[in-house]
Amino acid sequence: MEQEQWAVRVKRNRGEEVRQQLIREGILDRQRKPRIEGEFLILPVISGIEGAERALFETRDPLPDLPRHELIGGIAIMLERDPAAAEQLLSLRPSLHTVLFPLSDVEGNFRTRRFEVLAGIPVTKTLCQEYGHRFEIDLSEAYFSARLATERQRIATMQKEGGQVLDMFAGVGPFAVTLGKKADRVLAVDINPGAVRLMVRNIRMNHAENVLPILADATSLPHMVPWTFDRVIMNHPTGALPFLPQAFRLCTPGGTIHCYVLQSAEGEAMTEILKYPVAEVTERYVRSYSPDRWHAVYDIRKKS
Ligand code: SAM
């Protein structure tokens, strides 16, 4: 039986990307079957978001309860070490090639994790689509979180056309490549050779040739780079604060620094930040991390 409800219409070539985005935002209605109409895919959503329309959808046969997992491209990371459930997940989600179980938390200076393969192809490499960009990632070699996609878009929306951006802890380059579409130049630095190797591939794959990848320790940046930046990204939530001297040295007066931290109390990093020449600072919640800690960002405007 068909039922009318809210829907999002997208060109078919962007269908999978938008479907993943709606899943991340928690508004895709998984009880209804998407429909194809000519060159468009019509995706059912649970509320009338901007640009939504009304459409008729068939109801799906109810899916069995899936084991809890996080999706990154074609990989699912399961929270329980359950190979049978992993096989079930693999058979129910056609876009998956591998199911992993984390053997460690995000660890070390490179912020990577160790994994056991529970089902599928034994790899930690995959391709992740995000708002029109593609990122090649290797979860055991370099950090990547699909849960930061919305945050990357927020920063991209703030970026005017032109300008210089510094990404001090760039990883495989998701912030740098996203901002490269608007900025004149992005300097993207990481200390992990594996991350920089993947970043070079991602720059090429996304035609973001104005992103300059640099393998370096952010500590020495003020000695290496003779110019300043309108925007500085510091997404190293467990280790960014000690790099504030470098960030303020490299930020143009009146420019913006986005400093990410893991915290367990509101305003935890404020005292440290206010030691520097700050004109304005706004603190925002980004995402949950553990029961008592969350990922926060401080948007800091440096004094003119
Ligand atoms: N910004 C990337 C993203 O959003 O995917 C990566 C974030 S990851 C949490 C932090 C990154 O900082 C890691 O890739 C790590 O290798 C890098 N890193 C750690 N210490 C560094 C240092 N002293 N200089 C440059 N990069 C560093």
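When the residues of the stretch 201-227 are filtered to those that are touching a Gly at 6+ places or on another chain (Cβ under 7 Å) and in a loop (DSSP other than H, G, I, E, B), which remaining residue is farthest from the ligand (Cβ to nearest atom)?
Ranking the qualifying residues of the stretch 201-227, first place goes to ASN210.
Could you please find all residues in the stretch 240-256 being more than 13 Å from LEU221 (Cβ to Cβ) and in a strand (DSSP E or B)?
Once the filter is applied, which keeps residues that are more than 13 Å from LEU221 (Cβ to Cβ) and in a strand (DSSP E or B), the stretch 240-256 yields THR252, PRO253, GLY254, GLY255, THR256.
Here is a yes/no grid of residues against (1) farther than 30 Å from LYS11 by Cα; (2) touching a Cys at 6+ places or on another chain (Cβ under 8 Å); (3) modelled with pLDDT under 95; (4) of a type in the set (A, V, I, L, M, F, W, C):
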{"residue": "SER91", "(1), (2), (3), (4)": "no, no, yes, no"}
{"residue": "LEU118", "(1), (2), (3), (4)": "yes, no, no, yes"}
{"residue": "THR124", "(1), (2), (3), (4)": "yes, no, no, no"}
{"residue": "TYR131", "(1), (2), (3), (4)": "no, no, yes, no"}
{"residue": "ALA176", "(1), (2), (3), (4)": "no, no, no, yes"}
{"residue": "GLY180", "(1), (2), (3), (4)": "no, no, no, no"}
{"residue": "ASN192", "(1), (2), (3), (4)": "yes, no, no, no"}
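In the stretch 228-272, which residue that is of a type in the set (A, V, I, L, M), farther than 22 Å from GLN159 by Cα and in contact with a helix residue (DSSP H, G or I) (Cβ under 7 Å, 6 or more places away or on another chain) is farthest from the ligand (Cβ to nearest atom)?
Let us first name the residues in the stretch 228-272 that are of a type in the set (A, V, I, L, M), namely 232-234, 240-241, 244, 247, 250, 257, 261-262, 265, 269-270.
Now restrict to residues that are farther than 22 Å from GLN159 by Cα: 241, 262, 265, 269-270.
So of that shortlist, the ones also in contact with a helix residue (DSSP H, G or I) (Cβ under 7 Å, 6 or more places away or on another chain) come out as 241, 269.
Working: LEU241: 12, ALA269: 16 Å.
So, considering only residues that are of a type in the set (A, V, I, L, M), farther than 22 Å from GLN159 by Cα and in contact with a helix residue (DSSP H, G or I) (Cβ under 7 Å, 6 or more places away or on another chain), the one farthest from the ligand (Cβ to nearest atom) is ALA269.
So which of GLN31, GLN3, GLN20 is touching a strand residue (DSSP E or B) at 6+ places or on another chain (Cβ under 7 Å) and closer than 21 Å to ARG154 by Cα?
Numbers: GLN31 fails: closer than 21 Å to ARG154 by Cα; GLN3 fails: closer than 21 Å to ARG154 by Cα.
Step by step, each of GLN31, GLN3, GLN20 is checked, and only GLN20 is touching a strand residue (DSSP E or B) at 6+ places or on another chain (Cβ under 7 Å) and closer than 21 Å to ARG154 by Cα.
Mind counting the residues in the stretch 141-182 that are surrounded by fewer than 17 Cβ atoms within 10 Å (Cβ to Cβ) and not charged (D, E, K, R)?
Count: 6.
Of the residues VAL211, VAL232, which is more than 20 Å from GLU272 (Cα to Cα) and surrounded by 14 or more Cβ atoms within 10 Å (Cβ to Cβ)?
So the residue among VAL211, VAL232 that is more than 20 Å from GLU272 (Cα to Cα) and surrounded by 14 or more Cβ atoms within 10 Å (Cβ to Cβ) is VAL211.
Which condition number does ASN109 fail, the rest of (1) assigned to a loop (DSSP other than H, G, I, E, B); (2) crowded, with 17+ Cβ neighbours inside 10 Å; (3) not hydrophobic (A, V, I, L, M, F, W, C) being met?
(2) is the only condition that ASN109 fails.
Just to verify a result, which residue in the stretch 130-182, among those that are among the polar types (S, T, N, Q) and touching a Phe, Trp or Tyr at 6+ places or on another chain (Cβ under 8 Å), is nearest to the ligand (Cβ to nearest atom)?
Keep residues of the stretch 130-182 that are among the polar types (S, T, N, Q), which gives 140, 145, 150, 153, 157, 159, 164, 178.
If we keep only those that are touching a Phe, Trp or Tyr at 6+ places or on another chain (Cβ under 8 Å) as well, we get 140, 153, 164, 178.
Values: SER140: 13, GLN153: 13, GLN164: 18, THR178: 10 Å.
Restricting to residues being among the polar types (S, T, N, Q) and touching a Phe, Trp or Tyr at 6+ places or on another chain (Cβ under 8 Å), the top hit is THR178.
What's the number of the only condition in (1) modelled with pLDDT of 95 or more; (2) over 20 Å from the mean Cα position of the chain (by Cα) that ILE257 fails to meet?
Among (1) modelled with pLDDT of 95 or more; (2) over 20 Å from the mean Cα position of the chain (by Cα), the lone unmet condition for ILE257 is (2).
Matching residues to (1) of a type in the set (Asp, Glu); (2) surrounded by fewer than 13 Cβ atoms within 10 Å (Cβ to Cβ); (3) touching a helix residue (DSSP H, G or I) at 6+ places or on another chain (Cβ under 7 Å):
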residue	(1), (2), (3)
ASN13	no, yes, no
GLU17	yes, no, no
SER47	no, yes, no
ILE75	no, no, no
ARG81	no, yes, no
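Is it fair to say TYR289 is more than 24 Å from the chain's Cα centre (by Cα), farther than 23 Å from GLY180 by Cα and surrounded by 16 or more Cβ atoms within 10 Å (Cβ to Cβ)?
The answer is no for TYR289.
The values are calculated or read from the model by the stated rules, or taken from the named source; none is laboratory data. Because the structure is a prediction, the values reported are computed rather than measured. Positions of Cβ are backbone-derived with ideal geometry, glycine not excepted, and every protein chain shown enters the neighbour counts.
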